[in-house]
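*Asks:* Below you'll find the structure I mean.
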Amino acid sequence: MVAMMLEIALDSDGDWDSRIVGDALVRTAAEAAIAESAFPRLAQLGRTVELSVRLTDDEDVRALNAKWRGQDRPTNVLSFPLAGADELARGAGGGPELMLGDIVLASGICASEAAEKGIAMRDHAAHLIVHGTLHLLGYDHLDDDQAGDMEGREVRALARIGIADPYHGAR
């Protein structure tokens, strides 16, 4: 089996502690999400898969959410997919990098949600990265069926990296 050639461009502002949320966590969470997606072969490509992650403050996320989604409020995670379903399904083989897209996490919201749930910031950030990666891979939660499928994939991906079901008790 070919090892995953996942390139991660991680950009973090001063609100984030790279000892808690850094390259290793982002890589582990993204790889787990890919493994639980309909495209696990992405982990076996002979070409590089690229993902961009920005860890920023709530105001930056609010501005992005307003500009791209028409919602003038911060949110915990935003995802901006670049690869289409055809490219994801085709995936294997040589060629240029496969650009999955961009994920943006909001520090204040992530921290307050983690505190409210009584979980470690690292675990919640990993969940949001898994969630965001699944969005990049075409998953959504617009209806109950989609939400159930996506949540199941999140739970399995998080279990792969030793993180408890974030929905346990919340259903």
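The values are calculated or read from the model by the stated rules, or taken from the named source; none is laboratory data. This is a predicted model, so every value here is computed, not measured. Here the Cβ positions follow ideal geometry from the backbone for every residue, glycine too, while neighbour counts run over all protein chains shown.
Condition check ((1) of a type in the set (A, V, I, L, M); (2) within 17 Å of residue 6 (Cβ to Cβ); (3) touching a strand residue (DSSP E or B) at 6+ places or on another chain (Cβ under 6 Å)) across all residues:
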site: 100; (1), (2), (3): yes, yes, yes
site: 126; (1), (2), (3): yes, yes, no
site: 129; (1), (2), (3): yes, yes, no
site: 143; (1), (2), (3): no, no, no
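*Asks:* Of the residues 123, 145, 140, only one is in a helix (DSSP H, G or I) and at pLDDT below 95; which?
*Replies:* Values: 123 fails: at pLDDT below 95; 140 fails: in a helix (DSSP H, G or I).
Only one candidate qualifies: 145.
*Asks:* Looking at (1) under 18 Å from residue 42 (Cα atoms); (2) assigned to a helix (DSSP H, G or I), which one does residue 155 not meet, given that it meets all the others?
*Replies:* (1)
*Asks:* For segment 47-57, check the following and say yes or no: at least one residue is at pLDDT 95 or above, in contact with an Asp or Glu (Cβ under 9 Å, 6 or more places away or on another chain), basic (Lys, Arg) and over 18 Å from residue 138 (Cβ atoms).
*Replies:* Within segment 47-57, one or more residues are at pLDDT 95 or above, in contact with an Asp or Glu (Cβ under 9 Å, 6 or more places away or on another chain), basic (Lys, Arg) and over 18 Å from residue 138 (Cβ atoms).
*Asks:* Which of (1) under 21 Å from residue 162 (Cβ atoms); (2) out of contact with any Leu (no Cβ under 6 Å at 6 or more places or on another chain); (3) among the hydrophobic types (A, V, I, L, M, F, W, C) does residue 105 not meet, given it meets every other one?
*Replies:* (2)
*Asks:* Give the number of residues within segment 137-146 that are closer than 25 Å to residue 90 by Cα and surrounded by fewer than 18 Cβ atoms within 10 Å (Cβ to Cβ). Steps first, please.
*Replies:* Narrowing segment 137-146 to residues closer than 25 Å to residue 90 by Cα: 137-141, 146.
Right, trim to surrounded by fewer than 18 Cβ atoms within 10 Å (Cβ to Cβ) and you get 138, 140-141, 146.
The total comes to 4.
*Asks:* Of everything in segment 25-70, what is over 17 Å from residue 5 (Cα atoms) and in a helix (DSSP H, G or I)? Give them in sequence order.
*Replies:* Selection gives 58, 59, 60, 61, 62, 63, 64, 65, 66, 67, 68, 69.
*Asks:* For segment 147-168, enumerate the residues that are of a type in the set (A, V, I, L, M, F, W, C), farther than 17 Å from residue 28 by Cα and surrounded by 15 or more Cβ atoms within 10 Å (Cβ to Cβ).
*Replies:* Of all residues in segment 147-168, those of a type in the set (A, V, I, L, M, F, W, C) come to 147, 150, 155, 157-159, 161, 163-164.
Still in the running and farther than 17 Å from residue 28 by Cα: 147, 150.
Once the filter is applied, which keeps residues that are of a type in the set (A, V, I, L, M, F, W, C), farther than 17 Å from residue 28 by Cα and surrounded by 15 or more Cβ atoms within 10 Å (Cβ to Cβ), segment 147-168 yields only 150.
*Asks:* Is it the case, given these coordinates, that residue 87 is in contact with a His (Cβ under 8 Å, 6 or more places away or on another chain) and surrounded by fewer than 23 Cβ atoms within 10 Å (Cβ to Cβ)? Before the answer, list the steps.
*Replies:* Details: in contact with a His (Cβ under 8 Å, 6 or more places away or on another chain): no; surrounded by fewer than 23 Cβ atoms within 10 Å (Cβ to Cβ): yes.
So residue 87 fails the test.
*Asks:* Among the residues of segment 115-136, which ones are under 12 Å from residue 103 (Cα atoms) and over 8 Å from the mean Cα position of the chain (by Cα)?
*Replies:* Across segment 115-136, the qualifying residue is only 125.
*Asks:* Cβ-Cβ distance below 6 Å, separation of 6 or more or different chains: which pairs start in segment 1-23 with a residue that is of a type in the set (Val, Ile, Thr) and end on one that is modelled with pLDDT of 80 or more and not in a helix (DSSP H, G or I)?
*Replies:* 8/51
*Asks:* Consider residue 152 carefully, then state whether it is under 26 Å from residue 98 (Cα atoms) and in contact with a Ser or Thr (Cβ under 9 Å, 6 or more places away or on another chain). Explain how you work it out, then say what you get.
*Replies:* Working: under 26 Å from residue 98 (Cα atoms): yes; in contact with a Ser or Thr (Cβ under 9 Å, 6 or more places away or on another chain): no.
Answer is no for this residue.
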